[in-house]
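Below is one structure, written out as structure tokens; comments come after it.
FYI, it's all coordinate maths here, none of it is from the lab. Note that the structure is a prediction, hence the values are computed from the model and not measured. With ideal geometry, Cβ positions are generated from the backbone for all residues, glycine too; neighbour counts draw on all protein chains shown.
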Ligand code: PAF
């Protein structure tokens, strides 16, 4: 695997592939890679001739009181894991390389609509930071296809909106959430949990499954949401939201079949997110 830390060398390196007509799949990350990220690399390998991953802890998507400084950085392990997973190139830009005029003076990409609700409402500016960095990464790598985890469901919706609206020539693929055996979605932030919190954390996904079954059994959405929130609080979570939407994140009514329930909740100081896509009129057995 080749590692690039400067844009000029990345461009030269990728040009040699493109001149041969090879296609490129891209997996953007913030590093501290785990099995969930490696499953994205595996998906990317199915989609193109070469796979490029980026590792960049993006300052513009963290709020002033969030965990930018604390965010785990494990560059050597990341590089070794990517090479083992079959990644062909690692793009490892510095903050100066990513934001040549400085963070305050940078061109920002602001996505309307879908960024205003859920995590967007609780983390003001977060998705603008994501859209800003992902648009740059797309310009730098110029991939044919890019793979994002469905765990960050709203992020995926934001990226799809941006790509369509700004006519980026890249196909966006959403890959399934990778879960531990007990159901907890893998996340770099899980390591902030102490042992007791880690034991409790799978209840987040279990609550989504219960809500989905309740809605499939005919319970109305508002009452199922309220029950889910009360249940999480009773277990010691502090939910920011637990909300059912249609799959485009528009509001769901009593006839909407294709639904997604999304949750963000704190356990101690750790903020966890998760989601579950389900069909209201399908049988409960279809829920994993
Ligand atoms: O999902 C992430 O890890 C980040 O939000 C991303 C897409 C790499 C942008 O910094």
(request) Assuming a ≥ b ≥ c are the square roots of the Cα gyration tensor eigenvalues, decide whether the stretch 108-180 counts as rounded (a/c under 1.5), prolate (otherwise, with a/b larger than b/c) or oblate. (result) oblate
(message) To test your reading of the geometry: what angle, between 0 and 90 degrees and rounded to tens, separates the Cα axis of helix 153-165 from the longest principal axis of the chain?
(response) 50 degrees
(request) If a/c stays under 1.5 just call it rounded; otherwise compare a/b with b/c (prolate if a/b is bigger, oblate if not). Do that for the stretch 1-142, with a ≥ b ≥ c from the square roots of the Cα gyration tensor eigenvalues. (result) prolate
(request) Sorted from largest down, give the three principal axis spans of the alpha carbons of the chain, whole angstrom values. (result) 57, 38, 38
(message) From zero outward in steps of 10 Å, how is the percent of C-alpha pairs of the stretch 74-122 spread across the bins?
(response) 20, 23, 32, 25
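Restricting to the chain, what percent of DSSP beta bridges are antiparallel, rounded to 5?
If I count the DSSP bridges inside the chain, around 50 percent turn out antiparallel.
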(request) State the percent of C-alpha pairs, over all pairs in the stretch 185-249, separated by a distance greater than 19 angstrom. (result) 37 percent
(message) Please compute, for the alpha-carbon atoms of the stretch 132-215, the extent along each of the three principal axes and give them in descending order in Å.
(response) 44, 32, 19
(message) For Cα pairs less than 8 Å apart in space and 6+ apart in sequence, what is the mean separation divided by the residue count of the chain, i.e. the relative contact order in percent?
(response) 16 percent
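Counting only C-alpha contacts under 8 Å and six or more residues apart, can you give the relative contact order of the stretch 1-61 as a whole percent? Mind dumping the intermediate values first?
Values: 54 pairs, mean separation 22.5, N = 61.
Over the stretch 1-61, the number comes to 37 percent.
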(request) Could you tell me what % of all Cα pairs in the stretch 59-192 have separations over 20 Å? (result) 55 percent
(request) Compare the peptides 127-134, 112-119 by average per-residue count of other Cβ atoms within 10 angstrom and give them in order, highest first. (result) 127-134, 112-119
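Classify the stretch 162-274 as rounded, prolate or oblate, taking a ≥ b ≥ c as the square roots of the eigenvalues of its Cα gyration tensor: rounded when a/c is under 1.5, otherwise prolate if a/b is larger than b/c and oblate if not.
oblate
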(request) Note the angle between two axes, namely the Cα long axis of helix 126-141 and the longest principal axis of the Cα atoms of the chain, as a number of degrees from 0 to 90, rounded to the nearest 10. (result) 30 degrees
(request) Would you mind checking the radius of gyration and Dmax of the stretch 30-88 based on alpha-carbon positions, in Å? (result) 13.0, 41
(message) What is the angle, in °, between the Cα long axis of helix 35-47 and the longest principal axis of the Cα atoms in the chain? Nearest 10 is fine, range 0 to 90.
(response) 60 degrees
(message) Quick check on the chain: helices-only [θ] at 222 nm, where DSSP H runs of length 4 and up contribute -39,500 (n - 2.57) each and the sum goes over total residues. Nearest 500, please.
(response) -11500 deg cm²/dmol
